[in-house]
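Let me begin by handing over the structure; questions about it come next.
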Amino acid sequence: MACAEFPFHVPSLEELAGVLQNGLQENFADAQVSVVDCPDLTKEPFTFPAKGICGKTRIAEVGGVPYLMPLVNKKKVYDVNKIAKEIRLPGAFILGAGAGPFQTLGFNSEFMPVIQTEGAHTPPVNGSYFARVNPADGGCLLEKYSEKHQDYGCALLANLFASEGQPGKVIEVKAKRRTGKLNFVTCMRETLEKHYGDKPIGMGGTFLVQKGKVKAHIMPAEFSSCPLNSDEDVNKWLQFYEMQGPLVCLPVFVSKDPGFDLRLEHTHFFSHHGNGGHYHYDTTPDTVEYLGYFSPAEFLFRIDQPKETHSIGRD
Ligand SMILES: [Zn+2]
């Protein structure tokens with residue numbers, strides 16, 4: 001499979017924390033960014049199979065929206081253990097946002113990869129979730145992938161943050177009461193773009209929506225049989241929801257596309273109360289509270305980049 005590699009600009013954590021502090025305080029009434037030891041992510045509410053998000057950090061963008069629309073390309077199926085090898089990090093701990101493995105599930109869904117991939121001496125652990133539109137009532141059905149399935153598949157498109165899953169220093173971001181128009185991730189991404197310009201920064205990790213609600217979507221279980229040719233078509237096809245915190249979010253973002261047709265930000269989330277999906281923005285600016293842990297990525301890997309592209313469905 002075609003795979004391109006690009007080194008990100010990697011400033012010190014202290015420098016990044018200072019830059020993000022300046023940007024976030026323009027969009028939130030209360031913002032505090034600091035460099036801390038990563039909390040143990042195997043604990044609640046994260047419950048990840050790895051303790052941290054440090055060591056040999058990478059972002060992988062696999063496939064893309066052009067494999068989902070105008071019409072689905074059902075040849076585009078992937079295996080996360082193989083992706084870990086492609087990015088030269090077998091045994092990587094991988095978090096992110098993508099499309100659920102329809103090849104196993106038999107239907108389309110939102111995928112929240114949380115995967116300790118197969119290492120030379122360690123078995124893989126699949127802590128992923130998927131969210132589907134409930135066929136009974138149109139609501140959200142969130143399930144842990146490994147409860148019914150043994151594979152490590154994903155499909156069509158994925159934005160992944162990979163690391164050795166080690167503890168270590170990370171950037172902690174606390175932001176409360178949104179006063180600006182930008183969502184939490186877009187605010188951080190645009191802040192980095194403004195500061196670093198043509199030197200792309202990639203970041204990933206996890207954040208909690210501790211209080212408040214978010215606007216989210218879930219793709220329908222059936223792929224569209226008529227071509228989705230505009231954002232309007234896409235928005236009619238998607239199912240939108242307002243979902244209540246606390247939510248565990250899996251963000252991946254890149255400040256500037258160095259020419260690989262990237263989706264610049266993509267965040268999916270799960271929860272322990274049955275809500276999960278694709279994060280758009282919080283709908284409760286006066287009460288929202290975010291707490292996040294982020295690492296900068298050292299390398300970008302672009303896997304199976306679509307040759308024919310378009311700009312619809314990237315929100
Ligand atoms: Zn998504």
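Bear in mind that the values in this text are calculations on the coordinates, not laboratory data. Since the model is a prediction, treat every value here as computed from it, not as a measurement. Don't worry about glycine lacking a Cβ; one is built from the backbone with ideal geometry, like all the others, and counts go over all protein chains shown.
Tell me which trypsin sites (Lys or Arg not before Pro) from region 82-170 have a DSSP coil assignment and no more than 11 other beta carbons within 10 Å of their own.
Sites meeting the loop and neighbour criteria: Lys148.
For the chain, what is the mean residue ellipticity at 222 nm derived from helices alone (per DSSP H run of n ≥ 4: -39500 (n - 2.57); sum divided by total residues; nearest 500 deg cm²/dmol)?
Result for the chain, helices only: -4000 deg cm²/dmol.
Mind checking the full-extension length gain between Gln244 and Ser311? Use 0.36 nm per residue of separation minus the Cα-Cα distance, one decimal, nm.
21.1 nm
Separate question: Could you give log10 I(q)/I(0) at q = 0.19 Å⁻¹ for region 225-305, computed by the Debye formula over C-alpha point scatterers of equal weight, without solvent?
Cα-only, vacuum Debye calculation for region 225-305: -1.11.
Evaluated at 10 °C with a viscosity of 1.306 mPa s, what Stokes-Einstein diffusion coefficient in µm²/s does region 142-207 have when Rh comes from the Kirkwood expression over alpha-carbon pairs?
101 µm²/s
How much length, in nm to one decimal, is gained on full extension between Lys215 and Met1, taken as 0.36 nm per residue of separation minus their Cα-Cα distance?
Extra length available between Lys215 and Met1 comes to 73.5 nm.
Residues of region 27-55 with the amide nitrogen closer than 11 Å to a label point 7 Å from the Cα of Lys144, along Cα-to-Cβ, please.
47-49
To make sure I understand the rule: partners must be aspartates and glutamates, Cα under 18 Å from the Cα of Lys51, and not fewer than 8 residues away in the same chain. Which ones qualify?
Lys51 reaches Asp37, Asp40, Glu118, Glu164, Glu172.
Hey, what did the chain get for relative contact order, percent, Cα under 8 Å, at least 6 apart?
So the answer I get is 29 percent.
Which of the three applies to the chain, rounded, prolate or oblate, going by the alpha-carbon gyration tensor with a ≥ b ≥ c and a/c under 1.5 meaning rounded?
Rounded is the answer for the chain, as its axis ratio a/c remains below 1.5.
For region 178-315, would you read off the P(r) tail past 27 Å as a percentage of all alpha carbon pairs?
Value for region 178-315: 26 percent of Cα pairs lie more than 27 Å apart.
On to the next question. Suppose we look only past 20 Å in the calculated P(r) of region 103-248. What percent of the Cα-Cα pairs does that tail hold?
63 percent
Starting at the first residue of region 188-197, write each ³J(HN,Hα) from the Karplus equation 6.51 cos²θ - 1.76 cosθ + 1.60 with θ = phi - 60°, in whole Hz, x for Gly and Pro.
My calculation for region 188-197 gives 5, 5, 5, 4, 5, 5, 4, 7, 9, x Hz in order.
Alpha carbon centre of region 175-213 versus region 15-41: separation in Å?
Taking the Cα centre of each part, region 175-213 and region 15-41 sit 9 Å apart.
Right, another one. Mean-square fluctuation check for the chain, GNM, Cα pairs under 10 Å: which of His268, His217, His195 is largest?
His195
Roughly speaking, what is the stretch gain from Ala29 to Ser12, that is 0.36 nm per residue apart minus the C-alpha to C-alpha distance, in nm to one decimal?
So the chain would gain 3.5 nm between Ala29 and Ser12.
Rounded, prolate or oblate: which fits region 120-180, taking a ≥ b ≥ c as square roots of the Cα gyration tensor eigenvalues, rounded meaning a/c under 1.5, else prolate when a/b beats b/c?
oblate
Sort all Cα-Cα distances of region 1-66 into consecutive 5 angstrom bins from zero, then give the percent of pairs in each bin up to the one containing the longest distance.
3, 11, 13, 15, 18, 21, 13, 4, 1, 0
So for region 68-162, Kirkwood radius off the Cα pairs, Stokes-Einstein at 20 °C and 1.002 mPa s: how many µm² s⁻¹?
It comes out at roughly 157 µm²/s.
I want to check the label-to-label distance for Lys236 and Thr47. Put each point 7 Å from Cα in the C-beta direction and report it in nm to one decimal.
Between Lys236 and Thr47, the simple spin-label model gives 3.9 nm.
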